[in-house]
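The structure under discussion appears below in the form of structure tokens.
The values are calculated or read from the model by the stated rules, or taken from the named source; none is laboratory data. The structure displayed is predicted, hence computed values, not measured ones. Ideal geometry is used to build each Cβ from the backbone, glycine not excepted, and the neighbour counts take in all protein chains shown.
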Amino acid sequence: MSKELTFKNLPPAVCVPWEVKAKELGEIKGDAALIKKEWENLDLMGYLYIWNWVQR
Amino acid sequence: MAEKTSLFEERKKRYQAAMNLEKPDRVPIRLNFSGEFITKVAGYTFQETYYDWQKNNDATRKMLEKISDLEMVIGGANLWWAALHDAVGAKYLRFAGRDLDAETMFQYVEEPYMLPEDYDDFIENPTEWIATTYLPRIHTELAEPGSYRATAGLIKGAFGLAQQLGSGAEAMASYQRDFGVVPTITGISKAPFDTLADTLRGLSGIMLDLYQRPEKVKKALEVLVPHNIFYGMATAQGDTDFPVFMPLHRGAYPFMKMEQWVEFYWPSLKQVVEGLWSNGKRTMFYAENIWTPYLEKIAELPEKSIIFHVDQTDMEKAHQVLGGRFCLSGNVPNSLLAFGKPEEVKEYVKRLLDKYARDGGFILDAGAVILDDAKEENIRALIEAGLEYGVY
Amino acid sequence: MAKDELAGAIAGLDQEKVLSLVKERLQAGVKPMELIGNLQEGMARVGDLFEEGEFFLSELILCGEIMKEAMGLLEPELAAGDRQYRGTIVIGTVKGDIHDLGKNIVVMLLRGAGYKVIDLGVDVAPEKFVQSARENETPLVAMSMLLTSAMGTMKECVQAIKESGLNTRVLIGGPIIDDKVMQFSGADYGSTIASDATKIAEKVFKTA
């Protein structure tokens with residue numbers, strides 16, 4: 001068995017869930033929805049990169 | 001320009017009509033060429049298009065210039081850019097010009113890269129397991145996570161893939177603009193069993209798992225279902241005009257007996273196809289080799305949700321069981337394209353169309369991916385025959 | 001059903017029983033060669049079941065795994081010169097192709113049938129087939145292939161044997177073998193079915 005997993009049962013498109021990141025960021029002074037949208041977009045890119053090595 | 005646009009629209013309409021079981025003006029011709037065939041026609045060496053992605057994209061353009069009347073293409077010649085695999089140190093691919101002669105087709109080295117003891121982590125969080133355990137294992141550059149080499153390897157890998165996809169999309173748009181060709185497919189996905197069997201456990205590994213840890217296999221397949229639906233939609237960038245490519249491997253006969261197929265291969269594949277279909281996305285059910293014993297099960301899928309592709313499946317039986325329910329495609333034997341004469345190809349196509357394309361819902365194609373052994377004159381003969389005998 | 005219990009356990013794919021029977025009989029002083037005979041009897045049955053459509057590749061792969069483990073127990077017990085074979089066969093996947101599933105299954109069936117099999121692996125060049133055939137003085141070389149694109153090298157491999165002056169027959173195997181491929185390659189025998197290999201070997205070794 002390898003090291004402990006950081007996350008369990010993550011859905012597709014997610015490497016690091018926004019909820020986790022949002023908690024770490026604490027108070028968001030501006031437009032939280034914008035930050036979330038862009039976070040999730042790049043998170044999706046990471047997800048696709050990781051899975052591209054397997055889905056072939 | 002306007003002429004090419006209308007050609008694109010005409011071909012798209014024809015393709016979609018066939019997929020919807022209608023009768024277009026004539027049978028659409030969809031040829032699934034390998035990178036190696038395209039490379040050969042374009043006059044490059046395999047090494048050139050594996051390594052030089054500009055040449056890879058040029059190769060398809062050259063083929064479209066040389067073989068007129070091609071109405072669909074997948075994209076640039078090859079699927080995999082060798083340089084990207086060097087950047088990460090991919091153990092599982094061998095390429096022409098590097099560890100193979102410059103004119104040898106790439107080779108996939110199949111090993112159980114995922115071990116039996118990895119199942120639990122995979123089931124808990126496949127994305128994390130792939131990133132932290134699998135990638136360092138299959139990519140020599142990433143072998144020591146956190147090291148300089150591994151960090152550089154990760155960065156180069158991500159840049160490389162982004163570069164490849166960006167130039168691929170540009171190339172596809174240019175083929176469309178300059179030749180009016182439509183994309184054969186948008187996006188790719190797999191049967192969950194194949195995801196597990198092809199790159200992770202390997203064939204021997206998965207076959208032993210069926211006996212030694214069947215419950216883990218089932219759990220892993222269940223976990224894969226939403227990922228595979230999502231992967232198909234995401235790689236298609238949401239497009240639903242064209243089907244998602246699903247190359248099917250280990251579900252062919254005679255890998256598993258019927259009970260195993262029904263227990264392990266089918267349920268998760270069915271869920272993926274249904275999931276895609278509920279997103280409006282049709283699946284190109286690319287059934288390589290023989291699928292005759294499973295036709296009745298496949299008929300359970302929602303009407304029109306797939307294009308059932310015939311390689312060595314019994315064509316008569318496929319038509320009987322699936323005709324009128326799904327669009328059918330394929331069946332022109334690859335050995336005929338490699339060793340036959342143009343007249344024989346034309347004759348075969350004529351018979352095929354007379355017998356099975358009559359009521360619409362049919363796409364002309366070779367049985368399997370067209371490798372570089374296919375003769376160009378036979379491809380031309382196939383197209384000619386399609387244009388001549390495929391008219392409704 | 002196989003007469004011998006061990007043979008029956010192989011054909012029944014009962015891994016635990018196979019291994020415990022092998023250990024038990026070794027301890028009781030049964031000669032390793034006799035046990036190999038039992039295993040072969042079971043393997044022959046497995047080959048038949050595959051041919052009859054009862055068994056699939058998943059079962060052959062499992063059977064291969066059980067055989068490997070059983071042989072692992074037996075090999076240390078075998079003295080040099082103990083083994084007796086019906087003959088020697090050279091086999092490999094042709095150059096340009098690295099698919100080994102079909103080849104491995106044929107190797108297993110041929111070994112099960114009592115032949116000594118020299119497995120050259122995958123991506124085997126024509127001269128390597130010739131060299132091994134010469135060294136082993138075999139009347140039969142078997143070549144495997146999955147990719148149609150390896151057809152050219154398959155032909156070269158067959159021709160190399162034919163031109164070597166050796167009195168060696170060539171069997172080609174793979175899912176794409178048909179009349180056209182047979183004609184093109186110039187091979188003596190060909191089949192798409194793994195279990196045909198033992199029948200063809202029998203024919204060749206009868207006349208050899």
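Being crowded, with 20+ Cβ neighbours inside 10 Å, under 30 Å from C:A160 (Cβ atoms) and of a type outside the set (V, I, T) is a condition met by at least one residue of the stretch C:40-52.
Scanning the stretch B:240-255 for residues that are of a type in the set (A, V, I, L, M) and within 11 Å of chain A (Cβ to nearest Cβ) yields a total of 1. With the condition kept exactly as written, say whether any residue in the stretch B:297-313 is within 25 Å of B:L208 (Cβ to Cβ) and out of contact with any strand residue (DSSP E or B) (no Cβ under 7 Å at 6 or more places or on another chain). Yes, the stretch B:297-313 contains a residue that is within 25 Å of B:L208 (Cβ to Cβ) and out of contact with any strand residue (DSSP E or B) (no Cβ under 7 Å at 6 or more places or on another chain). For C:A160, indicate whether it is away from chain B (no Cβ under 14 Å) and among the small types (G, A, S). Against the criterion (away from chain B (no Cβ under 14 Å) and among the small types (G, A, S)), C:A160 qualifies. Kindly indicate whether any position in the stretch B:159-182 is among the charged types (D, E, K, R) and surrounded by 16 or more Cβ atoms within 10 Å (Cβ to Cβ). No: the stretch B:159-182 contains no residue that is among the charged types (D, E, K, R) and surrounded by 16 or more Cβ atoms within 10 Å (Cβ to Cβ). In the set (1) in contact with a helix residue (DSSP H, G or I) (Cβ under 8 Å, 6 or more places away or on another chain); (2) within 21 Å of B:H227 (Cβ to Cβ); (3) among the basic types (K, R), B:R149 fails one condition alone, (2). The set of residues in the stretch A:18-56 being within 11 Å of another protein chain (Cβ to nearest Cβ), at pLDDT 95 or above and not in a helix (DSSP H, G or I) consists of A:W53, A:V54, A:Q55.
Within the stretch C:178-191, the set of residues being within 22 Å of C:D100 (Cβ to Cβ) and at pLDDT 90 or above comprises C:S185, C:A187, C:Y189, C:G190, C:S191.
Counting residues in the stretch B:142-149 that are crowded, with 19+ Cβ neighbours inside 10 Å, in contact with a strand residue (DSSP E or B) (Cβ under 7 Å, 6 or more places away or on another chain), more than 10 Å from chain A (Cβ to nearest Cβ) and assigned to a helix (DSSP H, G or I) gives zero. Is there a residue in the stretch B:216-239 that is more than 20 Å from B:P267 (Cβ to Cβ), more than 13 Å from chain A (Cβ to nearest Cβ) and in contact with a Pro (Cβ under 9 Å, 6 or more places away or on another chain)? Yes - at least one qualifying residue is present in the stretch B:216-239. Screening the stretch C:88-163 for strands (runs of 3 or more DSSP E) wholly inside it with 1 or more residues that are at negative phi and in contact with an Asp or Glu (Cβ under 6 Å, 6 or more places away or on another chain) returns the ranges C:88-93.
Checking each residue in the stretch C:163-186 for being within 14 Å of chain B (Cβ to nearest Cβ) and either buried (at least 18 other Cβ atoms within 10 Å of the Cβ) or in contact with a Leu (Cβ under 7 Å, 6 or more places away or on another chain) (or both) picks out C:I172, C:G174, C:P175, C:I176, C:I177, C:V181, C:S185.
Once the stretch B:199-246 is narrowed to residues that are outside any helix (DSSP H, G or I) and touching a helix residue (DSSP H, G or I) at 6+ places or on another chain (Cβ under 8 Å), the residue that is farthest from B:H309 (Cα to Cα) is B:R213. Each residue in the stretch B:113-141 was checked for being free of Cβ contacts under 8 Å to residues at least 60 places away in the same chain, more than 11 Å from every other protein chain (Cβ to nearest Cβ) and surrounded by fewer than 20 Cβ atoms within 10 Å (Cβ to Cβ), and 1 pass. If you go through the stretch C:193-208 and pick out every residue that is at pLDDT below 90 and either crowded, with 20+ Cβ neighbours inside 10 Å or not in a helix (DSSP H, G or I) (or both), you end up with 4.
Here the stretch B:175-202 is the region considered, the condition is being closer than 15 Å to B:G251 by Cβ and within 14 Å of the chain's Cα centre (by Cα), and the residue that is farthest from the other protein chains (Cβ to nearest Cβ) is B:A191.
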